[in-house]
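Quick notes on the structure that follows.
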Amino acid sequence: YDLASGLGTPNGELLARTMSEVAHAQIYFPNEPAVIDANGAGGWTSGATQSLLVQTSPGSATSIDLITGSQSTSMATPQASGYAWTARFAEQVLQPDFDPNIVLMFDKQAQGGTMGLNVAAGAQLGVTINGSSANPTQANLTAEFGFAAFNSPADTVVVARAVMVAETALGANNQNADVFLRSDGVDSLAIEFYRVDDMLGTIAGIAPGDPRYAALADSRAYVTTSGQTLTQGPSYGNFEQTELTGVNKGDLIAMKMVNTSFGWTFWEFAQANQQAGGEGMSHVASYGLNTFGWEDRLNNGDHDYNDLVVGVNFTSASGHKLLST
(Lines give C-alpha, C1' and ligand atoms only; values in the text may rest on other atoms or scores of the structure.)
Protein backbone atom coordinates (compact mmCIF):
# COMPACT_ATOMS: atom_id res chain seq x y z
CA TYR A 1 0.00 0.00 0.00
CA ASP A 2 1.43 3.39 -1.02
CA LEU A 3 0.73 6.15 1.50
CA ALA A 4 1.53 8.96 -0.93
CA SER A 5 -0.85 7.95 -3.70
CA GLY A 6 -3.39 5.95 -1.71
CA LEU A 7 -3.06 3.13 -4.22
CA GLY A 8 -2.87 -0.53 -3.36
CA THR A 9 -4.39 -2.78 -0.73
CA PRO A 10 -3.18 -2.63 2.89
CA ASN A 11 -1.93 -6.01 4.10
CA GLY A 12 -3.56 -6.30 7.50
CA GLU A 13 -1.68 -9.43 8.57
CA LEU A 14 1.78 -8.04 7.94
CA LEU A 15 0.84 -4.64 9.32
CA ALA A 16 -0.50 -6.20 12.51
CA ARG A 17 2.60 -8.36 12.98
CA THR A 18 4.84 -5.34 12.49
CA MET A 19 2.90 -3.02 14.77
CA SER A 20 2.84 -5.65 17.51
CA GLU A 21 6.61 -6.08 17.32
CA VAL A 22 7.22 -2.33 17.22
CA ALA A 23 4.96 -1.67 20.21
CA HIS A 24 6.52 -4.40 22.34
CA ALA A 25 10.02 -3.27 21.43
CA GLN A 26 9.31 0.32 22.43
CA ILE A 27 7.42 -0.48 25.64
CA TYR A 28 9.35 -3.43 27.04
CA PHE A 29 12.78 -3.15 25.40
CA PRO A 30 13.59 0.58 25.18
CA ASN A 31 17.26 0.10 26.09
CA GLU A 32 18.24 -2.35 23.34
CA PRO A 33 20.98 -0.72 21.24
CA ALA A 34 20.24 0.51 17.74
CA VAL A 35 22.28 -0.88 14.87
CA ILE A 36 23.66 2.64 14.22
CA ASP A 37 23.46 5.91 16.16
CA ALA A 38 23.72 9.50 14.95
CA ASN A 39 26.91 11.09 16.32
CA GLY A 40 25.50 14.61 16.43
CA ALA A 41 27.85 15.86 13.72
CA GLY A 42 26.12 14.45 10.66
CA GLY A 43 27.77 11.04 10.90
CA TRP A 44 26.94 7.63 12.32
CA THR A 45 28.49 5.17 14.74
CA SER A 46 27.94 1.50 15.49
CA GLY A 47 25.36 1.08 18.24
CA ALA A 48 26.98 -2.08 19.62
CA THR A 49 29.89 -4.42 19.17
CA GLN A 50 28.22 -6.54 16.53
CA SER A 51 28.34 -8.62 13.39
CA LEU A 52 26.74 -6.83 10.44
CA LEU A 53 25.29 -8.08 7.18
CA VAL A 54 26.09 -5.67 4.35
CA GLN A 55 24.32 -5.86 1.01
CA THR A 56 23.90 -3.64 -2.01
CA SER A 57 21.05 -3.08 -4.43
CA PRO A 58 22.83 -1.06 -7.08
CA GLY A 59 21.20 0.27 -10.20
CA SER A 60 24.51 -0.27 -11.98
CA ALA A 61 27.88 -1.87 -11.28
CA THR A 62 29.06 0.18 -8.31
CA SER A 63 32.10 0.77 -6.11
CA ILE A 64 31.21 0.68 -2.41
CA ASP A 65 33.46 1.72 0.48
CA LEU A 66 32.52 1.00 4.08
CA ILE A 67 34.25 3.11 6.70
CA THR A 68 34.39 1.43 10.09
CA GLY A 69 36.47 3.21 12.68
CA SER A 70 39.79 4.06 11.04
CA GLN A 71 39.47 1.36 8.37
CA SER A 72 37.89 1.35 4.92
CA THR A 73 36.67 -1.81 3.21
CA SER A 74 35.92 -1.79 -0.51
CA MET A 75 33.28 -3.81 -2.32
CA ALA A 76 33.08 -4.05 -6.10
CA THR A 77 29.47 -4.99 -6.73
CA PRO A 78 27.76 -6.32 -9.84
CA GLN A 79 24.51 -4.89 -11.09
CA ALA A 80 21.53 -6.47 -9.40
CA SER A 81 18.73 -7.97 -11.43
CA GLY A 82 15.81 -5.67 -12.05
CA TYR A 83 13.66 -8.30 -10.33
CA ALA A 84 15.93 -9.03 -7.37
CA TRP A 85 13.88 -9.61 -4.23
CA THR A 86 13.05 -6.64 -2.05
CA ALA A 87 12.19 -6.61 1.64
CA ARG A 88 8.57 -5.91 0.72
CA PHE A 89 8.35 -8.99 -1.51
CA ALA A 90 10.25 -11.25 0.91
CA GLU A 91 7.89 -10.40 3.74
CA GLN A 92 4.85 -10.91 1.49
CA VAL A 93 5.88 -14.47 0.64
CA LEU A 94 5.97 -15.35 4.36
CA GLN A 95 2.21 -15.81 4.34
CA PRO A 96 0.64 -19.25 3.83
CA ASP A 97 -1.74 -18.12 1.07
CA PHE A 98 0.88 -16.42 -1.11
CA ASP A 99 0.91 -18.06 -4.55
CA PRO A 100 3.92 -20.41 -4.96
CA ASN A 101 3.87 -19.78 -8.71
CA ILE A 102 4.70 -16.11 -8.12
CA VAL A 103 7.57 -17.16 -5.85
CA LEU A 104 9.00 -19.42 -8.56
CA MET A 105 8.53 -16.73 -11.21
CA PHE A 106 11.09 -14.57 -9.43
CA ASP A 107 13.67 -17.26 -8.70
CA LYS A 108 17.31 -16.75 -9.74
CA GLN A 109 17.12 -12.94 -9.69
CA ALA A 110 20.58 -11.94 -8.46
CA GLN A 111 21.22 -9.40 -5.73
CA GLY A 112 24.21 -7.04 -5.73
CA GLY A 113 27.24 -7.53 -3.49
CA THR A 114 27.13 -8.98 0.04
CA MET A 115 29.62 -9.25 2.87
CA GLY A 116 29.86 -9.74 6.62
CA LEU A 117 31.60 -7.28 8.90
CA ASN A 118 32.38 -7.06 12.63
CA VAL A 119 32.38 -3.59 14.17
CA ALA A 120 33.01 -2.24 17.66
CA ALA A 121 30.51 -0.21 19.66
CA GLY A 122 30.94 3.50 19.01
CA ALA A 123 33.09 3.00 15.91
CA GLN A 124 32.44 5.39 13.05
CA LEU A 125 30.29 3.76 10.37
CA GLY A 126 29.87 5.33 6.97
CA VAL A 127 29.27 4.36 3.37
CA THR A 128 30.46 5.90 0.12
CA ILE A 129 28.97 4.91 -3.23
CA ASN A 130 31.13 5.69 -6.28
CA GLY A 131 33.17 8.04 -4.09
CA SER A 132 30.24 10.05 -2.71
CA SER A 133 28.90 9.81 0.82
CA ALA A 134 25.60 7.97 1.22
CA ASN A 135 23.09 8.89 3.88
CA PRO A 136 20.76 6.62 5.89
CA THR A 137 17.75 8.85 5.38
CA GLN A 138 15.31 6.65 7.31
CA ALA A 139 17.68 5.35 9.98
CA ASN A 140 15.75 7.15 12.70
CA LEU A 141 12.80 4.88 11.85
CA THR A 142 14.60 1.56 11.39
CA ALA A 143 17.92 1.56 13.30
CA GLU A 144 16.41 0.52 16.61
CA PHE A 145 15.00 -2.53 14.82
CA GLY A 146 18.38 -3.71 13.57
CA PHE A 147 18.80 -2.34 10.02
CA ALA A 148 19.49 0.87 8.11
CA ALA A 149 19.73 1.72 4.42
CA PHE A 150 22.40 4.14 3.13
CA ASN A 151 21.11 5.73 -0.06
CA SER A 152 22.39 7.54 -3.12
CA PRO A 153 20.11 8.55 -6.02
CA ALA A 154 20.53 5.21 -7.82
CA ASP A 155 21.92 2.81 -5.23
CA THR A 156 21.29 1.44 -1.74
CA VAL A 157 23.57 -0.22 0.79
CA VAL A 158 21.83 -1.93 3.71
CA VAL A 159 23.62 -2.69 6.97
CA ALA A 160 21.77 -5.06 9.28
CA ARG A 161 22.49 -6.87 12.50
CA ALA A 162 22.94 -10.61 12.01
CA VAL A 163 21.73 -11.55 15.49
CA MET A 164 18.05 -11.28 16.42
CA VAL A 165 16.94 -9.91 19.80
CA ALA A 166 14.00 -11.80 21.30
CA GLU A 167 11.67 -8.93 22.13
CA THR A 168 8.92 -11.13 23.51
CA ALA A 169 5.28 -10.30 24.20
CA LEU A 170 4.98 -8.32 27.43
CA GLY A 171 8.72 -8.89 27.99
CA ALA A 172 8.02 -12.40 29.27
CA ASN A 173 10.25 -15.47 29.56
CA ASN A 174 9.69 -19.05 28.34
CA GLN A 175 7.71 -17.96 25.29
CA ASN A 176 7.06 -19.49 21.88
CA ALA A 177 8.13 -17.63 18.74
CA ASP A 178 6.57 -18.09 15.31
CA VAL A 179 8.90 -19.07 12.46
CA PHE A 180 7.75 -18.55 8.85
CA LEU A 181 9.62 -20.32 6.04
CA ARG A 182 9.38 -20.02 2.26
CA SER A 183 11.59 -22.00 -0.11
CA ASP A 184 12.74 -20.76 -3.50
CA GLY A 185 15.56 -23.27 -3.85
CA VAL A 186 15.48 -26.70 -5.45
CA ASP A 187 17.77 -28.31 -2.84
CA SER A 188 16.58 -29.77 0.45
CA LEU A 189 17.27 -27.17 3.16
CA ALA A 190 16.97 -27.09 6.95
CA ILE A 191 17.35 -24.34 9.55
CA GLU A 192 18.50 -24.27 13.19
CA PHE A 193 18.14 -21.43 15.70
CA TYR A 194 20.50 -21.16 18.66
CA ARG A 195 21.27 -18.77 21.50
CA VAL A 196 24.49 -16.75 21.50
CA ASP A 197 26.12 -14.59 24.15
CA ASP A 198 26.64 -11.35 22.25
CA MET A 199 25.97 -9.63 18.95
CA LEU A 200 29.18 -11.02 17.47
CA GLY A 201 27.68 -14.49 17.81
CA THR A 202 30.18 -15.86 20.32
CA ILE A 203 29.32 -18.72 22.67
CA ALA A 204 31.30 -19.15 25.90
CA GLY A 205 34.00 -16.95 24.40
CA ILE A 206 34.26 -19.04 21.21
CA ALA A 207 33.75 -17.12 17.97
CA PRO A 208 32.05 -18.35 14.79
CA GLY A 209 34.57 -20.16 12.61
CA ASP A 210 36.37 -21.81 15.51
CA PRO A 211 36.37 -25.64 15.14
CA ARG A 212 34.59 -25.88 18.52
CA TYR A 213 31.77 -23.52 17.54
CA ALA A 214 29.42 -25.95 15.76
CA ALA A 215 29.08 -28.24 18.78
CA LEU A 216 28.45 -25.25 21.05
CA ALA A 217 25.76 -23.93 18.71
CA ASP A 218 24.02 -27.31 18.67
CA SER A 219 24.10 -27.39 22.48
CA ARG A 220 22.27 -24.03 22.51
CA ALA A 221 19.70 -24.92 19.84
CA TYR A 222 16.03 -24.10 20.42
CA VAL A 223 13.54 -26.94 20.20
CA THR A 224 10.41 -26.48 18.09
CA THR A 225 6.90 -27.49 19.12
CA SER A 226 7.38 -30.62 17.00
CA GLY A 227 10.44 -31.58 19.06
CA GLN A 228 13.08 -30.74 16.45
CA THR A 229 16.18 -28.56 16.65
CA LEU A 230 16.90 -28.77 12.90
CA THR A 231 13.73 -27.84 11.03
CA GLN A 232 13.34 -29.11 7.49
CA GLY A 233 12.27 -26.37 5.12
CA PRO A 234 9.38 -26.66 2.67
CA SER A 235 9.72 -27.89 -0.91
CA TYR A 236 10.43 -25.62 -3.88
CA GLY A 237 8.14 -22.58 -3.81
CA ASN A 238 6.19 -23.66 -0.76
CA PHE A 239 5.50 -22.29 2.74
CA GLU A 240 5.84 -23.81 6.19
CA GLN A 241 5.39 -22.54 9.73
CA THR A 242 6.64 -23.75 13.09
CA GLU A 243 7.28 -22.40 16.60
CA LEU A 244 10.41 -22.17 18.73
CA THR A 245 9.91 -22.97 22.42
CA GLY A 246 11.66 -21.73 25.55
CA VAL A 247 12.51 -18.26 24.24
CA ASN A 248 13.36 -15.79 27.01
CA LYS A 249 13.18 -12.01 26.85
CA GLY A 250 16.34 -10.49 25.41
CA ASP A 251 17.76 -13.78 24.11
CA LEU A 252 20.24 -13.20 21.29
CA ILE A 253 19.41 -15.66 18.53
CA ALA A 254 21.45 -16.73 15.51
CA MET A 255 20.86 -19.26 12.73
CA LYS A 256 22.62 -21.84 10.67
CA MET A 257 21.28 -23.35 7.45
CA VAL A 258 22.06 -26.88 6.27
CA ASN A 259 21.85 -27.89 2.63
CA THR A 260 20.94 -31.49 3.30
CA SER A 261 21.09 -32.35 -0.41
CA PHE A 262 24.87 -31.85 -0.37
CA GLY A 263 25.77 -31.81 3.33
CA TRP A 264 26.87 -28.16 3.41
CA THR A 265 26.40 -25.97 6.49
CA PHE A 266 26.24 -22.18 6.22
CA TRP A 267 26.28 -19.67 9.07
CA GLU A 268 24.99 -16.13 9.48
CA PHE A 269 28.55 -15.10 10.33
CA ALA A 270 30.70 -14.83 7.21
CA GLN A 271 33.95 -15.79 8.95
CA ALA A 272 32.52 -19.26 9.61
CA ASN A 273 31.81 -19.92 5.91
CA GLN A 274 33.82 -20.74 2.79
CA GLN A 275 36.70 -18.32 2.18
CA ALA A 276 37.20 -16.23 -0.95
CA GLY A 277 40.14 -13.86 -1.25
CA GLY A 278 40.92 -14.33 2.42
CA GLU A 279 37.42 -13.32 3.53
CA GLY A 280 34.48 -15.46 4.57
CA MET A 281 31.49 -15.43 2.24
CA SER A 282 28.15 -14.10 3.43
CA HIS A 283 25.30 -16.53 2.74
CA VAL A 284 22.45 -14.51 4.21
CA ALA A 285 20.84 -11.16 3.44
CA SER A 286 18.49 -9.07 5.56
CA TYR A 287 14.96 -8.34 4.35
CA GLY A 288 13.91 -6.18 7.30
CA LEU A 289 13.01 -6.86 10.92
CA ASN A 290 13.93 -10.47 11.79
CA THR A 291 13.54 -11.50 8.13
CA PHE A 292 16.40 -13.12 6.22
CA GLY A 293 17.10 -14.77 2.88
CA TRP A 294 19.67 -17.54 2.47
CA GLU A 295 21.87 -18.53 -0.46
CA ASP A 296 22.22 -22.32 -0.41
CA ARG A 297 25.16 -23.15 -2.70
CA LEU A 298 28.95 -22.87 -2.43
CA ASN A 299 30.41 -19.71 -3.98
CA ASN A 300 27.01 -18.14 -3.31
CA GLY A 301 25.33 -20.02 -6.14
CA ASP A 302 23.06 -17.79 -8.22
CA HIS A 303 23.32 -14.96 -5.66
CA ASP A 304 19.56 -14.50 -5.34
CA TYR A 305 19.40 -14.91 -1.52
CA ASN A 306 15.93 -16.40 -1.57
CA ASP A 307 16.61 -20.14 -1.48
CA LEU A 308 15.18 -20.20 2.05
CA VAL A 309 13.46 -17.08 3.33
CA VAL A 310 13.03 -17.03 7.12
CA GLY A 311 10.96 -14.71 9.29
CA VAL A 312 10.71 -14.85 13.09
CA ASN A 313 8.02 -13.09 15.12
CA PHE A 314 8.41 -13.00 18.90
CA THR A 315 4.92 -11.73 19.75
CA SER A 316 2.42 -13.33 17.38
CA ALA A 317 2.33 -16.73 19.11
CA SER A 318 1.04 -15.11 22.30
CA GLY A 319 -2.53 -14.19 23.19
CA HIS A 320 -5.08 -15.67 20.85
CA LYS A 321 -2.63 -16.14 17.96
CA LEU A 322 -4.56 -13.65 15.88
CA LEU A 323 -1.38 -12.51 14.13
CA SER A 324 0.19 -15.87 13.32
CA THR A 325 -2.10 -17.22 10.60
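The values are calculated or read from the model by the stated rules, or taken from the named source; none is laboratory data. As the structure is a prediction and not an experimental result, all values here were calculated from the model. Glycine also receives a Cβ, built like all others from the backbone with ideal geometry; neighbour counts cover every protein chain displayed. Ligands, DNA and RNA are excluded from the accessible area calculation, which covers all protein heavy atoms including side chains. Shrake-Rupley method; radii C 1.70, N 1.55, O 1.52, S 1.80 Å.
What to note about this one:
- Relative contact order [Cα under 8 Å, 6+ residues apart], the chain, whole percent: 22
- Here the accessible area of the chain is 52 percent carbon and sulfur, with a 1.4 angstrom probe and all protein chains present.
- Diffusion constant of region 96-221 at 10 °C, which comes from Stokes-Einstein with the Kirkwood Cα-pair radius and 1.306 mPa s, µm²/s: 86
- Taking a Cβ cut-off of under 9 Å around GLY250, the surrounding Lys, Arg, Asp and Glu residues balance to a net charge of -2, with basic ones at +1 and acidic ones at -1.
- Selected from LEU53, LEU230, LEU170 as most flexible by GNM, with the chain as the system and alpha-carbon contacts under 10 Å: LEU170
- Solution diffusion estimate, µm²/s, Stokes-Einstein, the chain, Kirkwood Rh from C-alpha pairs, 37 °C, viscosity 0.692 mPa s: 165
- SER132 sits with roughly 70 Å² accessible to a 1.4 Å probe, with DNA, RNA and ligands left out of the calculation.
- Segment LEU104-LEU3, length gained on full extension (0.36 nm per residue, minus Cα span): 33.5 nm
- Candidates MET255, MET19, MET75, ranked by Gaussian network fluctuation over the chain, Cα under 10 Å, top entry: MET19
- Residue-normalised accessible area of the chain, expressed per residue, 1.4 Å probe, Å²: 42
- The calculated Kirkwood hydrodynamic radius for region 203-267 is 13.7 Å, given to one decimal from all distinct C-alpha pairs.
- Within region 255-282, backbone nitrogen closer than 15 Å to the virtual label 7 Å beyond the Cα of ALA204 toward Cβ: none
- For MET105, neighbours were defined as the other residues whose beta-carbon sits under 13 Å from its Cβ, and their charges (Lys and Arg +1, Asp and Glu -1) total -3.
- Annotation for region 35-105 versus region 187-223: alpha-carbon center distance of 23 Å.
- Of the chymotrypsin sites (Phe, Trp or Tyr not before Pro) found in region 1-83, those that fall in a DSSP loop while having at most 12 other beta-carbon atoms within 10 Å are TYR1.
- Debye intensity ratio I(q)/I(0), log10, region 1-108, q values 0.09, 0.11, 0.12 Å⁻¹ (C-alpha model): -0.41, -0.62, -0.74
- Label-point gap, in nm, between SER219 and ASN174 - each point 7 angstrom along Cα→Cβ: 2.4
- Neighbour net charge for PHE314 - beta-carbon separation under 10 angstrom, K R +1, D E -1: -3
- Size-normalised alpha-carbon gyration radius of region 90-136, reference 2.2 N^0.38 Å: 1.84
- Three principal axis extents describe the C-alpha atoms of region 179-304; from largest down they are 40, 35, 27 Å.
- Extended-chain gain in nm, criterion 0.36 nm per residue less alpha-carbon gap, THR265 and GLN26: 82.5 nm
- Here the gap between GLN275 and ALA120, fully extended at 0.36 nm per residue and compared with their Cα-Cα distance, gives a gain of 53.5 nm.
- For region 160-294: relative contact order, % (alpha-carbon pairs under 8 angstrom, 6 or more apart): 33
- When the P(r) is computed for region 1-50, the part past 13 Å accounts for 72% of the Cα-Cα pairs.
- Structure remark: mean-square fluctuation, Gaussian network model of the chain, C-alpha springs under 10 Å; the largest value among ASN300, ASN101, ASN140 belongs to ASN101.
- Its relative contact order, with pairs defined as Cα atoms under 8 Å and 6+ residues apart, puts region 10-155 at 32 percent.
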